[in-house]
Amino acid sequence: MSDQMMTMSGQLRLAPPVTLPFADRVRVVPATEPFRWLAAGWGDFRRSRGLSVAYSFVFVIAGLWLTAVLAACDLGALILPLGAGFLLIGPALAVGFHAVSRDLEAGREPASNAAWAGWRANPGPLLALGLGLLGLLTVWLIFTGMTFALSFGDAGGDWQRALGGAPFTVGALSFLVPSITAGAMIAAVAFVAGAFSLPLLLERRAGLAEALAISFTAVILNARAMAVWAALIVLFTVAGLAGWYIGLCVTLPVIGHASWHAYRAVIRTPA
């Protein structure tokens, strides 16, 4: 019996279950730990305020430009999903903040191009993962657009005309329920994939498969702490988007820097 063994007393005992991959590289942290990461991220933001705001401002401008393009193309129905898409591509955007936090941790003053230079640390896997997250955003936008068209074919991209002030009609629910469900599933995949893999790829010359496996294991073993962390990310992202993306100049850097400290707290450095 390969998966069972007999004890001396004659009772059957199951062999220990197979462990998750790279579990030896993961620390288990309490559910309150994300608040410490957040405080450390705020500290890094204060120490690198100018650089962090300048880096995040590029993505704010990109968000505003895409919003204007969607509105001009009568695709207003995709503006809200685009904002939600920051949750999907957020891990990729945070690579620059990880690089700045790494320099601060080492006692170095981050260079003016430190945030952008971070992508050169391990370009192949970092670019592949970034494109993968961008692909998830594209799938989300296409699915949302198709669902909106099927539910409100005669409304074009006009939310107010489609909902008619009644968000709980049959047509509205046929759009909202599948869209929110699909968005939650895609966001969960992006979170598990990017939570620890991107800072790991920044710090080490690891492969993409190894980084994804470690990130998956770390999220599973720290389910409670990561649930709290995910809720904080959503809260800060929504707060940043509330003022036409401008708030992201603060919330995006804080979460990005905090993600580096999350990585440091959870992932062990191999011998």
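Annotation note: of Val26, Val53, the sole residue that is touching a residue at least 12 places away in the same chain (Cβ under 8 Å) and touching a Lys or Arg at 6+ places or on another chain (Cβ under 8 Å) is Val26.
Going by what's in this entry, would Leu248 be described as at pLDDT below 95, surrounded by 23 or more Cβ atoms within 10 Å (Cβ to Cβ) and over 22 Å from Pro123 (Cα atoms)? In short, yes.
Do we have any residue at all in the stretch 229-241 that's surrounded by 15 or more Cβ atoms within 10 Å (Cβ to Cβ) and outside any helix (DSSP H, G or I)? Checking the stretch 229-241: not a single residue is surrounded by 15 or more Cβ atoms within 10 Å (Cβ to Cβ) and outside any helix (DSSP H, G or I).
Listed here are the residues, each with its yes/no results for (1) surrounded by 15 or more Cβ atoms within 10 Å (Cβ to Cβ); (2) acidic (Asp, Glu); (3) more than 20 Å from the chain's Cα centre (by Cα).
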| residue | (1), (2), (3) |
| --- | --- |
| Arg25 | yes, no, yes |
| Pro30 | no, no, yes |
| Ser48 | yes, no, yes |
| Leu51 | yes, no, yes |
| Phe59 | yes, no, no |
| Ala72 | no, no, yes |
| Pro91 | yes, no, no |
| Ala99 | yes, no, no |
| Arg108 | no, no, yes |
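For the stretch 74-88, filtered to residues that are in contact with an Asp or Glu (Cβ under 9 Å, 6 or more places away or on another chain) and part of a helix (DSSP H, G or I), the residue that is surrounded by the most Cβ atoms within 10 Å (Cβ to Cβ) is Ala77.
Looking across the stretch 150-175, the residues that are modelled with pLDDT under 75, in a helix (DSSP H, G or I) and hydrophobic (A, V, I, L, M, F, W, C) come down to Trp159, Ala162, Leu163, Val170, Ala172, Leu173, Phe175.
In this structure, Ser197 qualifies as of a type outside the set (Val, Ile, Thr), modelled with pLDDT of 90 or more, surrounded by 18 or more Cβ atoms within 10 Å (Cβ to Cβ) and more than 18 Å from Ala39 (Cβ to Cβ).
The values are calculated or read from the model by the stated rules, or taken from the named source; none is laboratory data. Please read these numbers as outputs of a predicted model, since none were measured by experiment. Here Cβ is always computed from backbone atoms with ideal geometry, including for glycine, and neighbour counts include all displayed protein chains.
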